[in-house]
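The numbers here are math on the coordinates, done by the rules we state, and not lab data. These numbers come from a predicted model, not from an experiment. Note that each Cβ is placed from the backbone with ideal geometry, even for glycine, and that neighbours are counted across all protein chains shown.
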Amino acid sequence: MKPWQDVVVRPELLRVLKRIAIQPVNGYLFLGARGTGKRFIAEHVAAELLRIDDVDALEHHPDFMVLKREEGAKEIKVKQARDLISRLSLTSAKGGHQVVIIEAIDRLNEESANSLLKLIEEPPAGVVFLCTSDREERVFGTIRSRLVPIRFLPLDTVTIQQELIGRGIKPDEAGIAATYAHGAMGMALRLVYQLDTVTRNREEAFRLVRVLVDGNPGRVVSELERLAKRCQYAENSEQAWEDELLLLQSASTTIMKQDGMRSKEVAHAIVWAWRLLGTAISPHLALEWGALKPYRDPQHRIPTFIKTLFV
C-alpha cells in the first residue's frame, strides 16, 4: 500500500499530517475515538518519514519501532519501555529518521511513563514519536505536555457512506454502517461486514436501556449480570464492553429525547461506565449505580467507588 492510500480524514487534518511527514518535531499525540484511524494513519506518516513506498513494509524497516501492550496485558510495562530506550541508544540504521509509534500511550503505567519521560522530552536527533490515545484524560500530564496534540474529529455520516460505496459496498448497507460508526471510518469498515449482528445488538441495547430507565431492581440486576458475563467471556473483554457501551450511549441519547430526567440519570451512568474502562473497577458497577434506587439518593449522586477515581 502506498503512503496516503485509503486514508480518509478531514481535509484540514490531512494537510497537517502531510506537513508532519515533511518537517516533524520530536513527538505527536494522535487523539480521537477508537476507529478514527490513528494507528493506521501513524503508519502512513512513518512511511513518509522513512521514505519507503510501501506502508506494509514498515515492520521490516530497522528504524521503525512500535511500543504497545503485550497480548492480554492492561498496561505497557516498564521492561518494554527500557527495551525501547536501549534500542534508541543506537544510531539510525539508514542514516535518516527513527520513528516510534506508541499505541495507546494512556496505557503506560507510572513506572514506564517515568522511564520514557526524559526520552520523549529530549530524544536523540532524528527520532520522532507518533503516539495514539482514545483517552486523552488518562495520558500522564508530564507526557502529554511534551507532545503536539493532533485531533482526529469524527467524519460526517455522508462522507463515510460515500467512501464505503466507493469501495464497492451496497448503498443501503453503507448507510447503516455509516450511521452506527459514530464518525469513525475504521468502525464503519468493521461494521459493514456485521450488519445483522449490529442490528440485533442495537435492538438489544434499546431494550436494556428501557429496563434501566424503568429501574425494577430484579430486572436490572438480572440484565446487567447477563451483559457483564457476555463481556467477561468475550475474546477481548474490554473491547466487548466498549462496543456494548457505544450502543447503549446511542440508545440512551434517543430514549432521553422521549423520557426526560430518569433517562438522563441512566445516560450519565453509561458515561461513567465508559470512563471506568481499563480501570480495576467493572463498568457493571456504574450501570447498577445509575439504575438502582439505593444509589440514587440525591445527597449521594456519585458513589464513593466512582468518586475516588474521578472527582
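For the stretch 179-221 and the stretch 35-112, compute the distance between their C-alpha centroids and round to whole Å.
Each part reduced to its Cα centre gives a spacing of 34 Å.
Using every pair of alpha-carbon atoms in the stretch 134-213, split the distances into 10 Å bins beginning at 0 and state the percent of pairs per bin, rounded to integers.
Bins of 10 Å from zero give 17, 33, 26, 20, 4 percent of pairs.
Suppose only helical runs count, i.e. DSSP H with n ≥ 4. What mean residue ellipticity at 222 nm does that imply for the chain under -39500 (n - 2.57) per run, divided by all residues and rounded to the nearest 500 deg cm²/dmol?
Estimated from H runs of four or more residues: -17500 deg cm²/dmol.
For the stretch 98-105, what does the Karplus curve 6.51 cos²θ - 1.76 cosθ + 1.60, with θ = phi - 60°, yield as ³J(HN,Hα) per residue in whole Hz, taken in order and with x for Gly and Pro?
Listing the rounded values in order: 10, 10, 10, 9, 9, 7, 6, 5 Hz.
Would you mind getting me the FRET efficiency between Val16 and Ser222? Use the beta-carbon distance for r and R0 = 45 Å, nearest 0.05.
Efficiency, from the Cβ-Cβ distance: 0.35.
If you put +1 on each Lys and Arg Cβ and -1 on each Asp and Glu Cβ, how big is the dipole of the chain around its Cα centre, in Debye rounded to 20?
Roughly 640 debye, rounded to the nearest 20.
What is the order of Val271, Val128, fewest Cβ neighbours within 10 Å to most?
Taking fewest neighbouring Cβ atoms as first place, the list is Val271, Val128.
Could you pull out every residue, at least 5 positions away or on a different chain, whose amide H is within less than 5 Å of the one on Gln98? Hs are placed 1.01 Å off N in the peptide plane, and Pro or chain starts have none.
Answer set, sorted by chain and number: Val127, Val128.
Quick check of the Kirkwood formula: for the stretch 152-301, what is the inverse mean of 1/r over all pairs of different Cα atoms, in Å?
Hydrodynamic radius (Kirkwood, Cα only) of the stretch 152-301 equals 16.3 Å.
Can you give me the relative contact order of the stretch 1-152 as a percent, contacts being Cα pairs under 8 Å and 6 or more apart?
Relative contact order of the stretch 1-152: 35 percent.
What ratio of Cα Rg to 2.2 N^0.38 Å holds for the stretch 1-124?
1.06
Under 8 Å for C-alpha pairs, at least 6 residues apart: give me the relative contact order for the chain, rounded to a whole percent.
16 percent
Counting other C-beta atoms within 10 Å, which of Tyr193, Tyr233, Tyr28 has the fewest, and how do the rest follow?
Tyr233, Tyr193, Tyr28
Projected onto the charge dipole of the chain (+1 at Lys/Arg Cβ, -1 at Asp/Glu Cβ, origin at the Cα centre), which of Val45, Gly218, Gly32 gives the Cα projection farthest towards the positive end?
About the Cα centre, the residue reaching furthest to the positive side is Gly218.
For the chain, find the longest principal axis of its Cα atoms and tell me its angle to the long axis of helix 157-166, 0 to 90°, nearest 10.
Once rounded, the angle reads 60 degrees.
Test of understanding: express the Cα radius of gyration of the chain as a ratio to 2.2 N^0.38 Å, with N the residue count.
Rg over 2.2 N^0.38 Å, computed on Cα atoms: 1.10.
Relative contact order of the stretch 82-134: what whole-number percent is it, with Cα pairs under 8 angstrom and at least 6 residues apart?
The normalised contact order for the stretch 82-134 reaches 54 percent.
Calculate how steeply helix 237-276 sits against the longest principal axis of the alpha-carbon atoms of the chain, using the helix alpha-carbon long axis, and give the answer as 0 to 90 degrees to the nearest 10.
It is inclined by approximately 50 degrees.
In whole Hz, with x marking every Gly and Pro, tabulate ³J(HN,Hα) for the stretch 221-230 from phi via Karplus 6.51 cos²θ - 1.76 cosθ + 1.60, θ = phi - 60°.
So the Karplus estimates, Gly and Pro as x, are 4, 4, 5, 6, 5, 4, 4, 4, 5, 4 Hz.
Let me know the shape class of the stretch 10-73, please: from the alpha-carbon gyration tensor, a ≥ b ≥ c as square roots of the eigenvalues, rounded when a/c is under 1.5, otherwise prolate if a/b is greater than b/c, or oblate.
Since a/c reaches 1.5 but b/c is at least a/b, the shape of the stretch 10-73 is classed as oblate.
Roughly what angle does helix 11-22 make with the longest principal axis of the chain, taking Cα atoms, 0 to 90 degrees, to the nearest 10?
Roughly 30 degrees, rounded to the nearest 10.
Report the extension gain between Asp83 and Glu238 in nm, rounded to one decimal, defined as 0.36 nm multiplied by the number of residues separating them, less their alpha carbon distance.
Contour length minus the Cα-Cα distance gives 53.1 nm.
Order these peptides, 94-106, 136-148, by their mean beta-carbon neighbour count within 10 angstrom, highest first.
Highest to lowest by the protection proxy: 94-106, 136-148.
Report Rg(Cα)/(2.2 N^0.38 Å) for the stretch 110-154, keeping two decimals.
The reported ratio for this selection is 1.21.
Starting with the fewest neighbours, write out Glu59, Glu71 ranked by other beta-carbon atoms found within 10 Å of each beta-carbon.
Neighbour counts put them in this order, fewest first: Glu71, Glu59.
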